[in-house]
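Presented below is the structure to which this report refers.
The values are calculated or read from the model by the stated rules, or taken from the named source; none is laboratory data. In this text the structure is predicted, and so the values were computed from the model without any measurement. As a convention, Cβ positions derive from the backbone with ideal geometry for all residues, glycine included, and neighbour counts pool all protein chains shown. Areas reflect the complete protein model, heavy atoms only, side chains present, ligands, DNA and RNA absent. Shrake-Rupley method; radii C 1.70, N 1.55, O 1.52, S 1.80 Å.
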Amino acid sequence: MHAGPPPLNPSVQERAATELEAGLFASVRVVDEETVGWAQGGLNGNGPINHLHLVQAATVPPTHEYLYIWNHRFPWIITVRSTHSNGILVSDVLGTIYTDLMTPITSRDYYNVDMTAEDRERVEAAYKRRCNGDVGLLKRGILRVDFLGEYVGFTGLVRSWNGMWEMRTVDVTVRDGEREEEAGSLESSDLSAST
(Lines give C-alpha, C1' and ligand atoms only; values in the text may rest on other atoms or scores of the structure.)
Protein backbone atom coordinates (compact mmCIF):
# COMPACT_ATOMS: atom_id res chain seq x y z
CA MET A 1 0.00 0.00 0.00
CA HIS A 2 1.41 3.37 -1.02
CA ALA A 3 1.27 5.96 1.76
CA GLY A 4 1.50 8.89 -0.63
CA PRO A 5 4.38 11.19 -1.43
CA PRO A 6 6.82 12.18 1.29
CA PRO A 7 6.58 15.71 2.73
CA LEU A 8 8.28 18.53 0.83
CA ASN A 9 11.31 20.52 1.87
CA PRO A 10 10.24 24.03 3.01
CA SER A 11 12.10 25.43 -0.03
CA VAL A 12 9.40 24.22 -2.39
CA GLN A 13 6.34 24.11 -0.13
CA GLU A 14 3.61 26.53 -1.06
CA ARG A 15 3.93 29.98 0.46
CA ALA A 16 1.54 32.89 0.09
CA ALA A 17 2.39 35.00 -2.99
CA THR A 18 5.96 33.74 -3.16
CA GLU A 19 7.87 33.59 -6.41
CA LEU A 20 10.64 31.31 -7.51
CA GLU A 21 13.41 32.63 -5.27
CA ALA A 22 16.30 31.18 -7.25
CA GLY A 23 15.79 33.87 -9.91
CA LEU A 24 14.68 31.35 -12.48
CA PHE A 25 12.06 33.56 -14.10
CA ALA A 26 13.81 36.72 -15.27
CA SER A 27 10.49 38.43 -15.95
CA VAL A 28 9.00 37.69 -12.53
CA ARG A 29 9.15 40.40 -9.90
CA VAL A 30 8.82 40.31 -6.11
CA VAL A 31 5.09 40.21 -5.45
CA ASP A 32 4.79 41.83 -2.03
CA GLU A 33 6.63 42.76 1.16
CA GLU A 34 6.05 39.32 2.67
CA THR A 35 7.88 37.79 -0.28
CA VAL A 36 10.75 40.26 0.08
CA GLY A 37 11.06 39.41 3.77
CA TRP A 38 11.00 35.69 3.10
CA ALA A 39 13.53 35.92 0.26
CA GLN A 40 15.85 38.09 2.36
CA GLY A 41 15.32 36.04 5.52
CA GLY A 42 15.74 32.75 3.73
CA LEU A 43 14.25 29.49 4.82
CA ASN A 44 13.00 29.67 8.36
CA GLY A 45 14.95 32.93 8.84
CA ASN A 46 18.33 31.30 8.09
CA GLY A 47 19.56 34.05 5.78
CA PRO A 48 19.21 34.59 2.02
CA ILE A 49 18.50 31.66 -0.29
CA ASN A 50 21.86 30.17 -1.18
CA HIS A 51 23.53 27.09 -2.59
CA LEU A 52 23.01 25.17 0.66
CA HIS A 53 19.22 25.46 0.30
CA LEU A 54 19.38 24.18 -3.26
CA VAL A 55 21.35 21.03 -2.37
CA GLN A 56 18.89 19.88 0.30
CA ALA A 57 16.58 16.94 -0.37
CA ALA A 58 13.29 18.13 -1.86
CA THR A 59 11.32 15.66 0.25
CA VAL A 60 11.70 14.23 3.74
CA PRO A 61 12.60 11.39 3.67
CA PRO A 62 14.45 11.77 0.35
CA THR A 63 12.91 10.18 -2.72
CA HIS A 64 15.04 8.59 -5.40
CA GLU A 65 12.18 8.03 -7.81
CA TYR A 66 10.25 10.81 -9.50
CA LEU A 67 8.19 13.83 -8.55
CA TYR A 68 5.28 14.56 -10.86
CA ILE A 69 4.12 18.17 -11.01
CA TRP A 70 0.95 19.43 -12.67
CA ASN A 71 -0.82 22.73 -13.17
CA HIS A 72 -4.35 22.97 -14.53
CA ARG A 73 -3.16 25.31 -17.31
CA PHE A 74 -0.75 22.71 -18.72
CA PRO A 75 -1.71 19.86 -21.05
CA TRP A 76 1.38 18.01 -19.77
CA ILE A 77 2.98 16.88 -16.51
CA ILE A 78 6.44 17.97 -15.38
CA THR A 79 8.55 14.98 -14.35
CA VAL A 80 11.40 15.70 -11.91
CA ARG A 81 14.19 13.15 -11.83
CA SER A 82 17.10 13.07 -9.42
CA THR A 83 20.46 14.25 -10.69
CA HIS A 84 22.20 13.09 -7.50
CA SER A 85 22.70 9.79 -5.72
CA ASN A 86 21.17 11.20 -2.53
CA GLY A 87 17.72 11.76 -4.07
CA ILE A 88 15.77 14.58 -5.64
CA LEU A 89 17.10 17.93 -4.46
CA VAL A 90 15.44 21.34 -4.28
CA SER A 91 17.67 22.35 -7.21
CA ASP A 92 16.30 19.40 -9.22
CA VAL A 93 12.73 20.57 -8.62
CA LEU A 94 13.36 24.25 -9.39
CA GLY A 95 15.71 23.50 -12.30
CA THR A 96 13.27 21.06 -13.90
CA ILE A 97 10.38 23.50 -13.59
CA TYR A 98 12.51 26.24 -15.15
CA THR A 99 13.79 24.04 -17.98
CA ASP A 100 10.30 22.79 -18.72
CA LEU A 101 8.78 26.27 -18.78
CA MET A 102 11.54 27.67 -21.01
CA THR A 103 10.98 24.91 -23.59
CA PRO A 104 9.39 25.92 -26.91
CA ILE A 105 5.98 24.32 -27.30
CA THR A 106 5.19 21.52 -29.71
CA SER A 107 2.08 21.20 -31.85
CA ARG A 108 0.93 18.52 -29.37
CA ASP A 109 1.06 21.13 -26.58
CA TYR A 110 -0.88 23.68 -28.61
CA TYR A 111 -3.33 21.53 -30.59
CA ASN A 112 -4.95 18.95 -28.35
CA VAL A 113 -8.46 18.08 -27.20
CA ASP A 114 -8.09 20.11 -24.00
CA MET A 115 -7.08 23.37 -25.72
CA THR A 116 -9.87 25.53 -27.10
CA ALA A 117 -9.42 28.36 -29.60
CA GLU A 118 -9.85 30.76 -26.64
CA ASP A 119 -7.07 28.97 -24.74
CA ARG A 120 -4.75 29.32 -27.74
CA GLU A 121 -5.56 33.03 -27.98
CA ARG A 122 -4.75 33.43 -24.25
CA VAL A 123 -1.39 31.64 -24.71
CA GLU A 124 -0.53 33.73 -27.77
CA ALA A 125 -1.41 36.95 -25.91
CA ALA A 126 0.87 35.89 -23.02
CA TYR A 127 3.65 35.16 -25.53
CA LYS A 128 3.34 38.64 -27.06
CA ARG A 129 3.32 40.29 -23.60
CA ARG A 130 6.39 38.32 -22.49
CA CYS A 131 8.32 39.20 -25.65
CA ASN A 132 7.24 42.86 -25.58
CA GLY A 133 8.37 43.37 -29.17
CA ASP A 134 11.86 41.87 -28.64
CA VAL A 135 12.67 40.26 -32.00
CA GLY A 136 15.03 37.69 -30.44
CA LEU A 137 12.34 36.49 -28.04
CA LEU A 138 9.69 36.52 -30.75
CA LYS A 139 11.88 34.34 -32.99
CA ARG A 140 12.16 31.73 -30.23
CA GLY A 141 8.39 31.28 -30.36
CA ILE A 142 5.83 30.39 -27.76
CA LEU A 143 7.33 28.81 -24.65
CA ARG A 144 5.56 26.58 -22.17
CA VAL A 145 5.66 29.40 -19.59
CA ASP A 146 3.20 31.26 -21.82
CA PHE A 147 0.52 28.73 -20.85
CA LEU A 148 0.57 30.33 -17.39
CA GLY A 149 -0.47 33.72 -18.78
CA GLU A 150 -0.04 36.28 -15.99
CA TYR A 151 0.10 33.52 -13.34
CA VAL A 152 3.91 33.29 -13.25
CA GLY A 153 4.33 34.03 -9.53
CA PHE A 154 5.40 30.67 -8.09
CA THR A 155 3.90 30.02 -4.66
CA GLY A 156 5.19 26.48 -4.34
CA LEU A 157 3.95 22.93 -4.54
CA VAL A 158 1.12 21.30 -2.64
CA ARG A 159 0.37 17.63 -2.23
CA SER A 160 -2.18 16.47 -4.73
CA TRP A 161 -3.65 13.07 -5.38
CA ASN A 162 -2.08 9.81 -6.53
CA GLY A 163 1.46 10.87 -5.55
CA MET A 164 1.41 14.06 -7.62
CA TRP A 165 2.21 17.66 -6.66
CA GLU A 166 0.29 20.71 -7.82
CA MET A 167 2.33 23.75 -8.85
CA ARG A 168 0.56 26.82 -7.46
CA THR A 169 1.00 30.21 -9.06
CA VAL A 170 -0.40 33.72 -8.71
CA ASP A 171 -1.09 36.59 -11.09
CA VAL A 172 1.84 39.00 -10.79
CA THR A 173 0.03 41.86 -12.52
CA VAL A 174 -2.53 42.59 -9.78
CA ARG A 175 -1.96 44.87 -6.82
CA ASP A 176 -1.41 43.57 -3.30
CA GLY A 177 -4.67 42.87 -1.52
CA GLU A 178 -6.43 42.13 -4.81
CA ARG A 179 -4.49 38.95 -5.56
CA GLU A 180 -6.23 35.64 -5.56
CA GLU A 181 -4.43 32.42 -6.12
CA GLU A 182 -5.65 30.47 -9.06
CA ALA A 183 -6.26 26.84 -8.32
CA GLY A 184 -7.61 24.22 -10.64
CA SER A 185 -9.02 20.81 -10.30
CA LEU A 186 -7.19 17.81 -11.61
CA GLU A 187 -9.24 15.25 -13.40
CA SER A 188 -8.03 11.95 -14.74
CA SER A 189 -8.36 13.29 -18.31
CA ASP A 190 -5.75 15.94 -17.44
CA LEU A 191 -3.14 13.22 -16.95
CA SER A 192 -3.11 12.01 -20.55
CA ALA A 193 -0.07 14.05 -21.64
CA SER A 194 3.29 13.96 -19.92
CA THR A 195 6.86 15.03 -20.54
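Among the residues of the stretch 155-168, are any at pLDDT below 55, of a type outside the set (Val, Ile, Thr) and in contact with a strand residue (DSSP E or B) (Cβ under 7 Å, 6 or more places away or on another chain)? If you could, list the steps in order and put the result at the bottom.
The first filter runs over the stretch 155-168 and keeps only residues at pLDDT below 55, leaving none.
No, there is no match, as no residue in the stretch 155-168 is at pLDDT below 55, of a type outside the set (Val, Ile, Thr) and in contact with a strand residue (DSSP E or B) (Cβ under 7 Å, 6 or more places away or on another chain).
Is there any pair linking a residue in the stretch 71-84 that is under 17 Å from Thr59 (Cβ atoms) to one that is in a loop (DSSP other than H, G, I, E, B) and open to solvent by less than 10 Å² (accessible area, probe 1.4 Å), with Cβ under 8 Å and at least six apart or on different chains, and which?
What qualifies is Val80/Ala58; Val80/Ile88; Arg81/Ile88; Ser82/Ile88.
Somewhere in the stretch 114-123, is a residue at pLDDT below 90 and not in a strand (DSSP E or B)?
Within the stretch 114-123, the subset at pLDDT below 90 is 114.
Those left that are additionally not in a strand (DSSP E or B): 114.
Yes - at least one qualifying residue is present in the stretch 114-123.
Taking the residues in the stretch 40-80 that are among the aliphatic types (A, V, I, L, M), buried (at least 16 other Cβ atoms within 10 Å of the Cβ) and more than 30 Å from Asp109 (Cβ to Cβ) as candidates, determine which candidate is modelled with the highest pLDDT. Spell out the reasoning first.
Residues of the stretch 40-80 among the aliphatic types (A, V, I, L, M): 43, 49, 52, 54-55, 57-58, 60, 67, 69, 77-78, 80.
If we keep only those that are buried (at least 16 other Cβ atoms within 10 Å of the Cβ) too, we end up with 43, 49, 54, 57-58, 67, 69, 77-78, 80.
Restricting the remaining residues to those that are more than 30 Å from Asp109 (Cβ to Cβ) gives 43, 49, 57.
On the way: Leu43: 43, Ile49: 61, Ala57: 86.
If we take residues in the stretch 40-80 being among the aliphatic types (A, V, I, L, M), buried (at least 16 other Cβ atoms within 10 Å of the Cβ) and more than 30 Å from Asp109 (Cβ to Cβ), then Ala57 is modelled with the highest pLDDT.
For the stretch 90-99, indicate whether the set of residues that are in a loop (DSSP other than H, G, I, E, B) and open to solvent by 10 Å² or more (accessible area, probe 1.4 Å) is non-empty. Steps first, answer last, please.
So in the stretch 90-99, the residues in a loop (DSSP other than H, G, I, E, B) come out as none.
Within the stretch 90-99 (the criterion being in a loop (DSSP other than H, G, I, E, B) and open to solvent by 10 Å² or more (accessible area, probe 1.4 Å)), the answer is no, since none of the residues qualifies.
Name every residue in the stretch 107-154 that is open to solvent by 50 Å² or more (accessible area, probe 1.4 Å) and among the aliphatic types (A, V, I, L, M), in order of residue number.
Val113, Ala117, Val135, Leu137, Leu138
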